[in-house]
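Inspection log for the structure reproduced underneath, given as structure tokens.
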Amino acid sequence: MADTLDDAAVADRLRDLPAWTRDGDQIRRRVKAPSFLAGIDVVTDVARAAEDADHHPDIDIRWRTLAFALSTHSAGGLTGKDFDLAATIDAIAARHGAA
């Protein structure tokens, strides 16, 4: 099981991910894709990255708006895995023109 990060470590990691915000034991981000299909492509690529990392975000799709939430449920809070996947999601979203 991964070690949870304390508040200071979470704040430090969030400085490197300015589009993400903390919501209790989760970090969250919304992106707007240029089209519905581009949004689905983002979700597909995120799903593949999540499988590779064995760490799965909550994803909500509302037309072109995608909401991602990350937490390490098995650890009961935020871990490095959440921030690593958040950075990957940022890269995937940018690659598809989602902001």
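The values are calculated or read from the model by the stated rules, or taken from the named source; none is laboratory data. Please read these numbers as outputs of a predicted model, since none were measured by experiment. No Cβ is skipped: glycine too gets one built from the backbone with ideal geometry, and neighbour counts run over all protein chains shown. All accessible areas refer to the heavy atoms of the entire protein, side chains included, with ligands and DNA or RNA removed. Shrake-Rupley method; radii C 1.70, N 1.55, O 1.52, S 1.80 Å.
The figures follow:
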{"quantity": "Computed over the chain: relative contact order in percent, which uses C-alpha pairs under 8 Å that are six or more apart", "calculated": "38 percent"}
{"quantity": "Under-5 Å amide H pairs with G77, H placed in peptide plane, nonlocal only", "calculated": "T72"}
{"quantity": "Where a label projected 7 Å from the Cα of A91 along Cα→Cβ would reach, residues of region 47-67 with amide N under 18 Å", "calculated": "47-57"}
{"quantity": "(i) 23, 14, 11; (ii) 33, 16, 7; (iii) 20, 15, 12, with the label sought being that of the calculated semi-axes √(5λ) of the Cα gyration tensor in Å", "calculated": "(i)"}
{"quantity": "Phi-based couplings in Hz for region 51-59 (Karplus 6.51, -1.76, 1.60; Gly and Pro marked x)", "calculated": "4, 4, 8, 6, 8, 10, x, 7, 10"}
{"quantity": "Counted charge near R62, where neighbours are those whose Cβ lies closer than 12 Å (Asp, Glu -1; Lys, Arg +1)", "calculated": "+2"}
{"quantity": "For the chain, with +1 on Lys and Arg beta carbons and -1 on Asp and Glu, the positive-most of F83, A93, P57 along the dipole", "calculated": "A93"}
{"quantity": "Calculated from backbone phi, Karplus (6.51, -1.76, 1.60) coupling profile of region 78-84 in Hz, x at Gly/Pro", "calculated": "8, 10, x, 4, 5, 6, 5"}
{"quantity": "Theoretical gain in end-to-end length, D3 to S35 [0.36 nm per residue, Cα-Cα removed]", "calculated": "7.7 nm"}
{"quantity": "Backbone HN-Hα couplings from phi across region 17-23 [Karplus 6.51/-1.76/1.60, Hz, Gly and Pro as x]", "calculated": "10, x, 7, 9, 10, 8, 9"}
{"quantity": "Accessible area of the chain belonging to carbon and sulfur atoms, whole % at 1.4 Å probe", "calculated": "50 percent"}
